[in-house]
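**Q** Provided herewith is a single structure, encoded as structure tokens, for subsequent inquiry.
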């Protein structure tokens, strides 16, 4: 065999097959990201008429250079055979610190495409593609650390579990305003898959009872899971054709005081002040402190006594005298309109 034929054969052996699960089509990933971005835009607001500037911006955002560069770089790394993976894993466990680090880096770098292929499946879950890849890479590093070649598993099979776990946990922790436990995220994902299957089978949205029967759980549990799965909506979400209003502007504040009620409270406060002004300064202060009329924090006899440096019994006497004065008909005339 000629030297040229041997070189061609070697190139053929080292070249990853197209159907390999770890191979990454960078154009397809970019397309998936664009589709996901378009869905988010459609859900967030009505489509607007595109100008030349908006079209240019859309193209620039779609062709994310950082994603393309990353995919191109990891695509240059040759895939490893099962024997090579075992050899590297053995070096990590038994080699010197320098040898172990070098072997670990090789095993991680050769499997970055696996992370990308898994991360693509979690697009549209509230995290950007690069964030998903970053979290998946953390899971990959954990897999390299824990991998035991003696148990007979392929590294990619073992690493897939760690990568998925890292991504789903990150989605649970970071993608929502309200944190959802990891086990609940898995339950929500299962319910979503069952719902989609029933939708295709029935030709309509399945009821909670039908989903419950398919998942072998109660209808109440399905409803509970569906409520947890709902994404929270920010009060800062822009709405309207011009996006000049916020969602929070249209939600009634149930704690806000109505104008008429506020006016009545102000008048009542003024009349109470007039009645209290008929007392001596000491009596007035005792009533204010005892009933929290000054700071909305009622104080005990003992606490008021410390303020005036007298006993609690003396404060009780002052309070009783002040209340007798306030109950006099000449004082109640101020408050008769508020009875």
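**Q** Could you give the nm distance between label points at residue 317 and residue 190, where each point is 7 Å from its Cα heading toward the beta carbon?
**A** Distance between label points: 7.4 nm.
**Q** Is the shape of the range 181-231 best called rounded, prolate or oblate, per the rule: a/c under 1.5 gives rounded, else a/b larger than b/c gives prolate, else oblate, with a ≥ b ≥ c the square roots of the Cα gyration tensor eigenvalues?
**A** It comes out prolate by the Cα gyration axes.
**Q** How high is the relative contact order of the range 181-231, in percent, counting Cα pairs under 8 Å that sit 6 or more residues apart? Walk me through the intermediate numbers first.
**A** On the way: 30 pairs, mean separation 15.4, N = 51.
Reported as a whole number, the value is 30 percent.
**Q** Could you work out how much longer the chain between residue 183 and residue 274 gets when fully extended? Use 0.36 nm per residue separation minus the Cα distance between them, nm to one decimal.
**A** Computed gain between residue 183 and residue 274 is 26.5 nm.
**Q** Once you order the gyration tensor axes a ≥ b ≥ c over the Cα atoms, which shape class does the range 259-338 get: rounded for a/c under 1.5, otherwise prolate or oblate by comparing a/b with b/c?
**A** oblate
**Q** Label-point separation (nm) for residue 65 and residue 309, each offset 7 Å from Cα along Cα-to-Cβ?
**A** My value for the distance between the label points is 7.6 nm.
**Q** Then there is this: So if R0 is 25 Å, what FRET efficiency would residue 138 and residue 207 give, r being the distance between their Cβ atoms, rounded to the nearest 0.05?
**A** 0.05
All of the numbers you see were taken from the coordinates with simple rules; none came from a lab. Note that the structure is a prediction, hence the values are computed from the model and not measured. Note that each Cβ is placed from the backbone with ideal geometry, even for glycine, and that neighbours are counted across all protein chains shown.
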